[in-house]
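Down below is the structure, laid out as structure tokens.
Please treat every number below as a calculation from the coordinates, not as lab data. Keep in mind it's a predicted model, so treat the numbers as computed, not measured. Neighbour counts are summed over all protein chains in view; Cβ atoms, including those assigned to glycine, are modelled from backbone coordinates with ideal geometry.
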Amino acid sequence: MAKAGTPVAIMTEILKIENLTKYFGGLCAVDSVSFSLDEKVIMGLIGPNGAGKTTLVNMISGAIPPNHGRILFNGTDIAGHKAHAINNRGIARTFQVVRIFSKLTALENVMAGLVDRRQKGPWRLAFASLVGGFGKQSQNPENRAAAEGLLELVGIGGYRDELAENLPYALTKRLEIARALATRPKLLLLDEPSSGLNPAELVDQIALIREINKQGITILIIEHVMKVIMDISDRLVVIHYGKKIADGKPEAVYTDPNVVEAYLGGESHAAR
Ligand SMILES: Nc1ncnc2c1ncn2[C@@H]1O[C@H](COP(=O)(O)OP(=O)(O)O)[C@@H](O)[C@H]1O
Ligand SMILES: [Mg+2]
């Protein structure tokens with residue numbers, strides 16, 4: 001309880017991870033990791049390849065269940081819930097290897113995200129589209145306008161009627177972000193949104209992530225390129241061999257001896 005005269009904390013905790021643990025056979029990929037994340041913050045999650053970053057995001061998004069631990073999202077434990085239910089609560093994610101519906105147009109891909117939140121999963125919708133059942137959704141002017149708005153936001157409005165498979169690689173990463181945003185997340189999990197991008201595309205991608213954050217969306221971004229994460233994060237968590245080894249302001253984390261050792265000692269990507 002705050003005493004009279006004590007400043008009241010204005011930050012609200014949106015996510016709290018407690019002792020989250022995942023084993024794959026004998027391998028402990030995520031080892032009792034705990035951290036909390038305040039609303040509207042951009043938090044970077046870094047660590048060398050194989051550190052357990054994607055596994056952590058897979059548990060938060062419901063792709064895989066943890067063996068132990070809690071995942072409190074706005075105070076509710078969602079650990080082990082289904083991905084679709086977690087998305088409905090307000091968590092969306094993108095993938096390290098882009099997952100979009102290549103045979104749908106850019107617009108239809110985003111609309112798959114829009115309707116997902118209200119009714120079915122996107123896969124069923126994509127299937128309906130392929131067998132000709134997508135017409136009703138795409139004729140709904142409200143859905144259409146919302147999807148067009150999201151394509152504009154991510155800077156690919158000009159590609160809306162193009163099949164996703166025809167988009168240049170960097171733009172497929174943007175399309176995936178637009179589709180995630182269509183589910184109206186409060187928390188967006190981005191798994192290496194900069195991977196495979198050239199330096200100019202990287203600058204654009206960072207600007208886009210900042211813009212999304214300005215619209216009030218909390219962001220957890222996985223990255224293994226140190227300079228990208230230093231540039232964008234308000235806060236940094238470092239994991240190494242499944243364990244959290246640092247947590248704090250980027251400048252402090254960057255010079256933390258444990259972090260320097262993790263990056264310089266292992267198969268490092270810090271310099272890239
Ligand atoms: N589905 C899985 N089955 C078995 N091992 C896995 C699986 N997914 C990840 N791993 C292992 O767990 C560890 C962490 O992987 P991952 O979370 O993908 O790391 P990162 O994203 O930090 O590079 C690695 O050793 C990886 O080989
Ligand atoms: Mg990964």
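For this structure, a couple of remarks:
- Simple spin-label estimate for Ala200 and Met230 in nanometres, 7 Å along Cα-Cβ: 2.5
- Loop trypsin sites (Lys or Arg not before Pro), the stretch 5-56, which have at most 12 other Cβ atoms in a 10 Å radius of their Cβ (DSSP): none
- Bins of 10 Å, starting at 0 and running to the largest distance - Cα pair percent for the stretch 154-205: 23, 54, 23, 0
- Among Ser195, Gln215, Asn258 the positive-end extreme of the charge dipole of the stretch 186-272 (Cβ point charges): Gln215
- Under-5 Å amide H pairs with His240, H placed in peptide plane, nonlocal only: Ile245
- Cβ-based exposure ranking for His240, His68, in which fewest neighbours within 10 Å come first: His68, His240
- Of all aspartates and glutamates in the structure, those lying under 15 Å Cα to Cα from Lys82, and not within fewer than 8 positions of it along the same chain, are Asp116.
- Linear extension gain, Ile10 paired with Phe24, 0.36 nm per residue minus alpha-carbon span: 1.1 nm
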